[in-house]
Amino acid sequence: MLFRQGYQEVPLIFTNILIICVGNICRSPSAERIFRSLLPESDISSAGIGALVGKPIDPSAARCLSQHDYSSDNHIARQVSGAMMNEASLVLVMEKEHQRFLMERYPSCSGKVMLLGAWVNKEIHDPYRKSDEAFQHVFEQIEESCLSWSAKLNGG
């Protein structure tokens, strides 16, 4: 990962990426698992702003991950905390409302809170309690967004 400063390329390393949604059982754990495969050198985790603490990944989200050769094993939903926000070098959220919430609640972290869909100009809406087709559509948006972020973080 490189950042161009004047004529010099400087390594830009996001060693700790935190991905946030609401419940931490659908979107953010899906993005977490995709990012882990794309950025194995980074510490990737997820949490929720209204997490269903202790719950596993939603079965529909797990099926989408499995169908695309990603593992959903051992995910346990957790609530975002100030410590998580402070430790993260980049915080990716699904919707602008999540971004606003986190920037208000953790103002010192606001410069590192960005939309997961920033490079593809999309907000990724919650498929919770919707059809398998809705989950598949959201999975595709998440994967596209993760691939775009990965390319940017790797200098592409």
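Set side by side, the residues H75, H68 differ, and just one is crowded, with 19+ Cβ neighbours inside 10 Å and modelled with pLDDT of 95 or more, which is H75. Sort out which residues of region 62-101 are more than 21 Å from S150 (Cβ to Cβ), in a loop (DSSP other than H, G, I, E, B) and of a type outside the set (A, V, I, L, M), and write them in order of number. Across region 62-101, the qualifying residues are D73, N74, R78, S81. Selection of region 126-146 for residues being closer than 18 Å to S46 by Cα and out of contact with any helix residue (DSSP H, G or I) (no Cβ under 7 Å at 6 or more places or on another chain) yields Y128, Q141.
Within region 133-156, residues that are under 15 Å from A61 (Cβ atoms) reach partners that are part of a helix (DSSP H, G or I) and among the charged types (D, E, K, R) with beta carbons closer than 7 Å, at six or more positions or on different chains, in the pairs V138/R27; I142/R27.
Which of the residues belonging to region 51-95 are out of contact with any Asp or Glu (no Cβ under 6 Å at 6 or more places or on another chain) and charged (D, E, K, R)? Residues satisfying the conditions are K55, D58, R63, D69, D73, R78, E87.
Of the residues making up region 114-124, those that are under 13 Å from the mean Cα position of the chain (by Cα) and without any contact (Cβ under 8 Å) to a residue 60 or more places away in the chain are M114, L115, G117, A118, E123. For region 32-61, filtered to residues that are of a type in the set (S, T, Y) and outside any strand (DSSP E or B), the residue that is surrounded by the fewest Cβ atoms within 10 Å (Cβ to Cβ) is S37.
The values are calculated or read from the model by the stated rules, or taken from the named source; none is laboratory data. This is a predicted model, so every value here is computed, not measured. Note: ideal-geometry Cβ built from the backbone for every residue, glycine included; neighbour counts use all protein chains shown.
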